[in-house]
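Encoded as structure tokens, the structure appears first; notes follow it.
The values are calculated or read from the model by the stated rules, or taken from the named source; none is laboratory data. This is a predicted model, so every value here is computed, not measured. Cβ sites come from the backbone with ideal geometry, for glycine too, and all protein chains shown count toward neighbours. Calculation scope for accessible area: heavy atoms of the full protein, side chains included, ligands and nucleic acids excluded. Shrake-Rupley method; radii C 1.70, N 1.55, O 1.52, S 1.80 Å.
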Amino acid sequence: MPGGECQTDHHLVHSIANGVKQGCVLAPTLFTVFFSMMLQRATADLDDENGVYIRYRTDGSLFNLRQLKAHTKTLNHLVHELLYADDAALVAHTEVALQRLTSCFAEAAELFGLEVSLKKTEVLYQPAPQEVSHHPHITIGETELKSVQQFNYLGSIISSDGKIDAEIDNRLAKAYRAFGKLHKRVWRKKKSTKISVYRAVVLSALLYGSESWVIYPHHLRLLERFHQRCLRTILNIHWTDYVTNTSVLEQAAVTSIEAMLLRTQLSWAGHVSRMQDYRLPKIVLYGELATGCRKRGAPKRRYKDCLKQSLSLGHIDHHHWSTLASSREAWRQTHHL
């Protein structure tokens with residue numbers, strides 16, 4: 001039964017999540033076309049202030065952010081919504097703009113025979129640096145939408161502060177649950193497939209969505225601690241045996257969490273770099289918000305910072321990595337060494 005659920009997140013802006021229920025049965029592809037036409041109708045009468053501008057250029061180095069200050073070679077891309085399958089996220093910089101965008105969305109949904117599920121519709125406000133957080137008041141009809149500090153979008157926790165602490169806790173909880181359910185049936189048995197099961201069931205739950213994580217050392221320590229605890233349980237290694245973490249990884253024939261994250265992020269970065277220049281993921285990777293600035297001192301890490309560190313750990317020149325990544329096979333051999 002296809003259906004559209006629109007949830008929103010947006011850096012430094014107001015965001016809204018809308019749930020849409022469909023009254024009739026349609027094929028998924030047909031509904032995607034139908035939903036896209038509805039969104040096109042919703043944004044047809046909006047001006048440039050009702051959305052988010054991303055300034056970008058793909059003809060230079062990804063890590064040279066000064067090139068985005070140029071006035072002649074940079075491009076601006078206006079984003080009203082973010083689509084993924086039958087999910088959509090509406091984004092805007094101000095509360096007034098978000099209310100206008102939401103009203104147009106609700107009117108277009110009604111025109112196309114769709115119903116906005118107010119129970120699944122949430123508003124997330126992500127304040128700019130040094131800005132006081134507040135709860136925006138966004139309404140659909142006579143109903144005011146719920147304002148939240150975080151919500152679950154596509155299986156990941158989106159937080160108002162842009163950090164992944166809640167997402168790491170969420171991933172650990174799911175991985176612990178998956179590991180615990182197999183304790184009696186798998187881990188206590190003498191089976192040669194235990195590590196394979198651990199990779200397929202537990203690690204996949206732990207590292208879901210890790211391609212886009214902006215990770216810090218304390219996050220890595222939490223993940224590595226869980227990884228070691230699971231492997232020692234599977235291999236029946238006790239703390240009194242005084243076995244090093246490196247030896248545990250060698251016995252299990254698996255790599256550390258840090259190595260797994262390095263491979264997944266490099267693989268995803270190469271995939272995005274091979275996209276066409278008009279694709280939104282590539283625009284976001286090679287760009288930045290057209291308005292706003294980062295505060296002085298030690299600002300938050302960006303995805304570009306993590307990617308540059310991963311390239312350095314993989315002994316890949318960050319000046320020419322995109323050229324190497326243009327060949328899928330060559331890039332796969334590089335980051336799997």
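The table below lists the values:
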item	result
Scan of the stretch 67-104 for residues that are open to solvent by 40 Å² or more (accessible area, probe 1.4 Å) and part of a strand (DSSP E or B), ordered by number	LEU75, ASN76, HIS77, LEU78, GLU81, LEU82, LEU83, TYR84
Odd one out for LEU222 among (1) assigned to a helix (DSSP H, G or I); (2) free of Cβ contacts under 8 Å to residues at least 40 places away in the same chain	(2)
In the stretch 107-117, residue farthest from TYR153 (Cα to Cα) [restricted to those that are open to solvent by 20 Å² or more (accessible area, probe 1.4 Å) and modelled with pLDDT of 85 or more]	LEU111
Selection from the stretch 152-197 of residues that are charged (D, E, K, R) and in a helix (DSSP H, G or I)	ASP165, GLU167, ASP169, ARG171, LYS174, ARG177, LYS181, LYS184, ARG185, LYS194
Test: residue in the stretch 182-196 that is closer than 30 Å to ALA128 by Cβ, without any contact (Cβ under 8 Å) to a residue 24 or more places away in the chain and open to solvent by 20 Å² or more (accessible area, probe 1.4 Å)	no
Unique match (being open to solvent by 40 Å² or more (accessible area, probe 1.4 Å), under 18 Å from SER210 (Cα atoms), under 21 Å from the mean Cα position of the chain (by Cα) and of a type in the set (Phe, Trp, Tyr)) among TYR278, TYR303	TYR303
So SER247, is it free of Cβ contacts under 8 Å to residues at least 40 places away in the same chain, open to solvent by less than 50 Å² (accessible area, probe 1.4 Å), of a type in the set (S, T, N, Q) and over 22 Å from GLN309 (Cα atoms)	yes
Hey, THR58 hydroxyl-bearing (Ser, Thr, Tyr), over 19 Å from LEU145 (Cα atoms) and outside any helix (DSSP H, G or I) or not	yes
Exclusive hit being open to solvent by less than 80 Å² (accessible area, probe 1.4 Å) and free of Cβ contacts under 8 Å to residues at least 40 places away in the same chain, set ALA259, ALA269	ALA259
Residue list for the stretch 30-50, filter: more than 15 Å from TYR84 (Cα to Cα) and of a type in the set (Ser, Thr, Tyr)	THR43
Residue within the stretch 273-288 that is modelled with pLDDT under 95 and touching a Pro at 6+ places or on another chain (Cβ under 7 Å) present	yes
Flag for GLU329 being outside any loop (DSSP other than H, G, I, E, B), open to solvent by 30 Å² or more (accessible area, probe 1.4 Å) and either in contact (Cβ under 8 Å) with a residue 24 or more places away in the chain or in contact with a strand residue (DSSP E or B) (Cβ under 6 Å, 6 or more places away or on another chain) (or both)	no
